[in-house]
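To start, the structure itself, in structure tokens.
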Amino acid sequence: MFSFHIIIYIYYNIKKMAELPVSESFMITIFAGFAGLVAGVLACGLRSRCSHIKCCCIECDRNVIPADQLNNVRVELPNQPNVS
């Protein structure tokens, strides 16, 4: 049987937890976890072979290199100015 004392104990512990201040380190941890999740989803989208991607309210049409030509791709970076 569920005792009335247990219900009162749970109620007061939940009430105490709601009064705890949220620290900066906790907020940074939550933000970093969310940013990592977003980065992981974007990385999967970049590796995807789909030509049309639609996620939530974002849509993207892109040209995908055929799988048999992936080894022949040469990426050239634009000339970057020398920083001295």
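The values are calculated or read from the model by the stated rules, or taken from the named source; none is laboratory data. Because the structure is predicted, anything quoted here is derived from the model rather than measured. Cβ placement follows ideal geometry from the backbone for every residue including glycine, while neighbour counts extend to all protein chains displayed.
Entry remark, the range 45-60: residues being surrounded by fewer than 10 Cβ atoms within 10 Å (Cβ to Cβ) and either assigned to a helix (DSSP H, G or I) or in contact with a His (Cβ under 7 Å, 6 or more places away or on another chain) (or both) number 2 in total.
Under the condition of being surrounded by 10 or more Cβ atoms within 10 Å (Cβ to Cβ) and either acidic (Asp, Glu) or under 30 Å from ILE65 (Cβ atoms) (or both), the residues counted in the range 21-35 number 1. Residues in the range 20-44 that are over 9 Å from the mean Cα position of the chain (by Cα) and in a helix (DSSP H, G or I): GLU24, SER25, PHE26, MET27, ILE28, THR29, ILE30, PHE31, ALA43, CYS44. Taken together, ASN82, ASN63 contain a single residue that is assigned to a loop (DSSP other than H, G, I, E, B), out of contact with any Cys (no Cβ under 9 Å at 6 or more places or on another chain) and at pLDDT 75 or above, which is ASN63.
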